[in-house]
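Beneath this line is the structure, given in structure tokens, with notes to follow.
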Amino acid sequence: MKILVINCGSSSLKYQLIDMTDESVLCKGLCERIGIDGSKITHKAKGGEWSQEVPFPTHTEAFMKVVEMMSTGEGAVVADKSEISAIGHRVVQGAEFFTKSEIVTDAIIDKIEEIAPLAPVHNMAHVQGLRSAKKVFGADVPNVVVFDTTFHQTMPPKAYMYGVPYEMYEKYAIRRYGAHGTSHRYVSMAAAKYLGRDDLKMVTCHLGNGSSISAVKNGKCIDTSMGLTPLAGVLMGTRCGDVDPSVVTYMEQKLGFHGQEMADYLNKQSGLLGVSGVSSDKRDVTSAAEAGNERAKLACDMLNYQIKKYVGAYAAAMGGLDCIVFTGGIGENDGGVRAAVCEDMEFLGVKIDLEKNKQRGADIIDISADDSRVKVLIVCTNEELMIARDTKALVEG
């Protein structure tokens, strides 16, 4: 069975074709600038890479080009699209309507569109991708949606409710939903398998341009750092993370911002970029800090401190801690962040080996010191494989 995994953005389409016989990636690629001048596709397969500038007025044309690249020319990995058994789609927001992955129907697409205000940029892009996929591949190829929010649906009300009037939840579904659930689910399962235990109290740290942290107890999420939207939690590339709500209204008054202007300011001009004044890329901020830039150093210190606070808080919430998992672009590659987060955590039983912390390249790396009671792991996330596995399970019934 060959499964095409899709992640649609408002102007992009990422894809991977996975052979589920051995879970190998046959090809992967990215369509960029959909609906914008200068659109192009980059396709990788069989050790090669091909890029073309192609007009993509909509996601439909992008899907058509993906099929062409997969089935013709030097980067071909299938004879034609009939070899694709199913398509799995990442969807950011499923709200309370979706507690598991689902085979797509028109009613499900309509519901994803209906709850788009909870993730306006992401969900509408997913809707476009779903409708385009049905156009290009036809009704006989099943589509499956895998929601980032479903892993967090096991949170108890005391964790997901906000201290606002209850009618806001009843009328407008205002609550904590979280994000990156597919990644948290994958790495927590991989860590449990690696350690040979299912009864773990685990904190999973998905750290990248967008970052979220989850408390996972016995395989189930009991709390997570992102909230109604992916703006909450720790400092991120351009997102502010947790702030006093009065900060927002005060800044609105001072800046003369309203509504979407303020949302854009917090989502796109804050975080590492806003504090450091250097970049939203953690690598650039770290380099500037090492060169003596005090604001860049402050941004790094804030991120490390906030992650550490969440680890401690979630250890308290779970009544102990057995494992910390680092994943995502920063979590997997930034040894400085891992070292700073775990520093002075011996009271919790956390101690890392600084030499092991320099290792890279394996899917799972144990960086715990020999005398650390808590295991500290680097786990390479694989959301695409998780989506493909869910898709296969649903299609096969």
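The values are calculated or read from the model by the stated rules, or taken from the named source; none is laboratory data. These numbers come from a predicted model, not from an experiment. Cβ sites come from the backbone with ideal geometry, for glycine too, and all protein chains shown count toward neighbours.
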Report whether or not Ser51 is more than 26 Å from Lys392 (Cβ to Cβ) and out of contact with any Phe, Trp or Tyr (no Cβ under 8 Å at 6 or more places or on another chain). yes
Residues to consider are Gly274, Gly241; find the one that is in a loop (DSSP other than H, G, I, E, B), in the same structural domain as Gly208 (by TED's automatic domain parsing), touching a residue at least 12 places away in the same chain (Cβ under 8 Å) and surrounded by 14 or more Cβ atoms within 10 Å (Cβ to Cβ). Gly241
Listed residues Gly88, Gly94, Gly73; which is part of a loop (DSSP other than H, G, I, E, B), of a type outside the set (D, E, K, R) and crowded, with 19+ Cβ neighbours inside 10 Å? Gly94
Return the residues of the range 205-225 that are part of a loop (DSSP other than H, G, I, E, B) and crowded, with 24+ Cβ neighbours inside 10 Å; say none if nothing qualifies. Leu207, Ser211, Ser225
Please work out which residue is surrounded by the fewest Cβ atoms within 10 Å (Cβ to Cβ), limiting yourself to the range 110-147 and to residues that are in contact with a Ser or Thr (Cβ under 6 Å, 6 or more places away or on another chain) and not in a helix (DSSP H, G or I). Val144
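Do we find that Ser279 is surrounded by 18 or more Cβ atoms within 10 Å (Cβ to Cβ), in the same structural domain as Glu332 (by TED's automatic domain parsing) and out of contact with any Gly (no Cβ under 7 Å at 6 or more places or on another chain) in this structure?
In short, yes.
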Please go through the range 1-52 and pick out each residue that is without any contact (Cβ under 8 Å) to a residue 12 or more places away in the chain and either outside any strand (DSSP E or B) or within 15 Å of Gly129 (Cβ to Cβ) (or both). Asp22, Asp37, Gly47
Given the structure, is Gln153 under 19 Å from the mean Cα position of the chain (by Cα) and part of a helix (DSSP H, G or I)? yes
Farther than 28 Å from Thr99 by Cα and not aromatic (Phe, Trp, Tyr) - does that describe any residue in the range 316-330? yes
Pairs where the first residue, in the range 366-391, is in contact (Cβ under 8 Å) with a residue 24 or more places away in the chain and over 30 Å from Asn7 (Cα atoms) and the second is part of a helix (DSSP H, G or I) and not β-branched (Val, Ile, Thr), C-beta under 6 Å, 6+ apart: Ile367/Lys356; Ile367/Asn357
How many residues of the range 191-204 are more than 15 Å from Val341 (Cβ to Cβ) and part of a strand (DSSP E or B)? The answer is 1
What number of residues in the range 1-23 are under 15 Å from Thr391 (Cα atoms), surrounded by 17 or more Cβ atoms within 10 Å (Cβ to Cβ) and either among the hydroxyl-bearing types (Ser, Thr, Tyr) or in contact with a Cys (Cβ under 6 Å, 6 or more places away or on another chain) (or both)? 2
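Could you pull out the residue among Val325, Val311 that is surrounded by fewer than 23 Cβ atoms within 10 Å (Cβ to Cβ), among the aliphatic types (A, V, I, L, M) and touching a residue at least 60 places away in the same chain (Cβ under 8 Å)?
Criteria check complete, one pass: Val311.
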Could you look through the range 328-368, keep only residues that are farther than 27 Å from Leu298 by Cβ and acidic (Asp, Glu), and pick out the one that is surrounded by the most Cβ atoms within 10 Å (Cβ to Cβ)? Asp366
